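A.B. asks: Input: one structure, supplied below.
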Amino acid sequence: MVVDKTGLDSLFDITLQWTVEDQFRGRGASASPTIFAAIQEQLGLRLESTKDLVDVLVVGSAEKPPAD
């Protein structure tokens with residue numbers, strides 16, 4: 001889950017160039033940055049791992065509606 005703490009309330013049309021990290025698949029580094037580096041370098045934003053309160057919807061049960 002991502003919690004927006006930027007304080008920005010407008011919509012933006014952006015293009016972000018990044019690559020999937022392949023370090024666990026044995027492939028070498030590519031010319032494109034990871035998603036985390038791209039967000040910081042290209043948008044000037046930083047993703048930070050924190051704990052925060054979020055709203056959660058809990059469904060206790062679900063049933064099909066009866067046939068009419």
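The values are calculated or read from the model by the stated rules, or taken from the named source; none is laboratory data. Keep in mind that this is a model prediction, so the values were computed, not measured. Please note: Cβ atoms are built from the backbone with ideal geometry, for glycine as well, and neighbour counts cover all protein chains shown.
A.B. asks: Would you confirm whether or not the range 39-61 contains a residue that is at pLDDT below 85, assigned to a loop (DSSP other than H, G, I, E, B) and surrounded by 10 or more Cβ atoms within 10 Å (Cβ to Cβ)?
C.D. replies: No, the conditions are met nowhere in the range 39-61.
A.B. asks: So, one more: Can you work out which of the residues in the range 6-22 that are surrounded by 10 or more Cβ atoms within 10 Å (Cβ to Cβ) and out of contact with any helix residue (DSSP H, G or I) (no Cβ under 7 Å at 6 or more places or on another chain) is modelled with the lowest pLDDT?
C.D. replies: ASP22
A.B. asks: Six or more apart or on different chains, Cβ under 6 Å: which pairs go from a residue in the range 1-18 that's free of Cβ contacts under 8 Å to residues at least 24 places away in the same chain to one that's surrounded by 10 or more Cβ atoms within 10 Å (Cβ to Cβ)? Could you list them?
C.D. replies: As it stands, the answer is TRP18/SER32; TRP18/PRO33; TRP18/ILE35; TRP18/ALA38, since those pairs meet every condition given.
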